[in-house]
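Novice: What follows is a single structure, and I will ask about it in a moment.
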Amino acid sequence: MLDIVFSDKIRNAAPALRVIQIEASVTNAPTSDELWSEIEAEMESLSRTFSLPEINKRDGIRETRMAYKALGKEPNRYRPSAEALCRRIVNGKGLYRTTTLIDAINLVSIMTGYSIGGFDLDKVAGHTLTLDAGTREDTFHAIGRGLLNIEGLPVYRDNIGGIGTPTSDEERTKLSPSTRRILMLVNIYGESMPDMETVSLIQGLLLRHAYLSDFRYKIISQTTI
């Protein structure tokens, strides 16, 4: 599995951060009716449970926003992806139906409040990722958003550059229908679901919907690196 290193800036801004790293062999087909039914049920439950002002009070979202502020980023301008997804749902806008891997990640994200990076592992350069704060010199092409100012955002970097932040992932390493090996990074700035329950949730979704094989994971924290 890839090595992941936290920078001192990340350690200081988010001392309780844990990351669940998952690498697996999968198939990324169009989202099935079965998976979409699970997503629709969770969207309905979320809408019943939370009002719009309550979304950013969820533990996973609240603590991600706190890390943004500690790094000098305004979370209302650059919302964590889990918050943006939940806000869309509570606002009645729903989610777009895309592919199995993307929609499975979105489902876990709205269930937990965790912002989750999903990457084509074969497009990641090198054997080590560094989680650091973005700088004004970083060039980051966010998926569907164009150039994104990631200064002050937590960013995973491979040997070429940034691949993902809690706000958006990068075009270069994004998931596609041809993806056969996935890297998932579950960013736990504040816990809302036990780690092993989160791992089991993801593994179950990939088994049911993505022809999962060769599933590996590890949990990374300040005490393990």
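Every number here is computed from the coordinates shown, using simple stated rules; none is lab data. Predicted model only: the values in this text are computed from it and were never measured. Cβ: placed from backbone, ideal geometry, glycine included. Neighbour counts: every protein chain shown.
Novice: Once you put a point 7 Å from the Cα of Asn159 and another 7 Å from the Cα of Ser213, both along the Cβ direction, what distance in nm separates them?
Specialist: Label-label distance for Asn159 and Ser213, simple model: 2.7 nm.
Novice: Sticking with this one: Taking DSSP loops as anything outside H, G, I, E and B, show the longest stretch in the chain free of chymotrypsin sites (Phe, Trp or Tyr not before Pro) there with at most 15 other beta carbons within 10 Å.
Specialist: Details: sites that count: Tyr96, Tyr211.
It runs 97-210.
Novice: Can you compute the modelled spin-label distance between Ala29 and Ala16, with each label point 7 Å from Cα toward Cβ, in nm?
Specialist: Going from the Ala29 label point to the Ala16 one covers 4.1 nm.
Novice: Check which residues have an amide H placed less than 5 Å from Ile4's amide H, if you skip close sequence neighbours.
Specialist: Amide H to amide H, under 5 Å and 5 or more residues apart or across chains, Ile4 pairs with Leu129.
Novice: Then there's this: For the stretch 74-173, which GluC sites (Glu not before Pro) are both in a DSSP coil and crowded by at most 10 other Cβ atoms within 10 Å?
Specialist: Those satisfying the criteria are Glu137.
Novice: Mean separation of Cα pairs under 8 Å and 6+ residues apart, divided by the residue count of the chain: what relative contact order is that in percent?
Specialist: 38
Novice: Which length gain, in nm to one decimal place, applies between Lys9 and Arg145 when the Cα-Cα distance is subtracted from 0.36 nm times their residue separation?
Specialist: My answer for the length gained is 46.3 nm.
Novice: Could you give the longest part of the chain that holds none of the trypsin sites (Lys or Arg not before Pro) found in DSSP loops with at most 10 neighbouring Cβ atoms within 10 Å?
Specialist: 137-225
Novice: Let me ask something else. For the stretch 113-119, take each phi angle, set θ = phi - 60°, evaluate the Karplus expression 6.51 cos²θ - 1.76 cosθ + 1.60, and give the result in whole Hz per residue in order, putting x for glycine and proline.
Specialist: For the stretch 113-119, the Karplus curve yields x, 8, 7, 10, x, x, 10 Hz.
Novice: Be a star and scan the stretch 150-187 for residues whose amide nitrogen sits under 14 Å from the point 7 Å along the Cα-to-Cβ vector of Met1.
Specialist: The answer is 182-187, whose backbone nitrogens lie closer than 14 Å to the label point.
Novice: Could you work out how much longer the chain between Arg88 and Asn76 gets when fully extended? Use 0.36 nm per residue separation minus the Cα distance between them, nm to one decimal.
Specialist: Numbers: separation 12, 0.36 × 12 = 4.32 nm, distance 1.44 nm.
Stretched fully, the Arg88-Asn76 segment lengthens by 2.9 nm.
Novice: With 33 Å as the cut-off, how large is the P(r) tail for the chain, expressed as percent of Cα-Cα pairs?
Specialist: When every Cα pair of the chain is considered, 8 percent fall beyond 33 Å.
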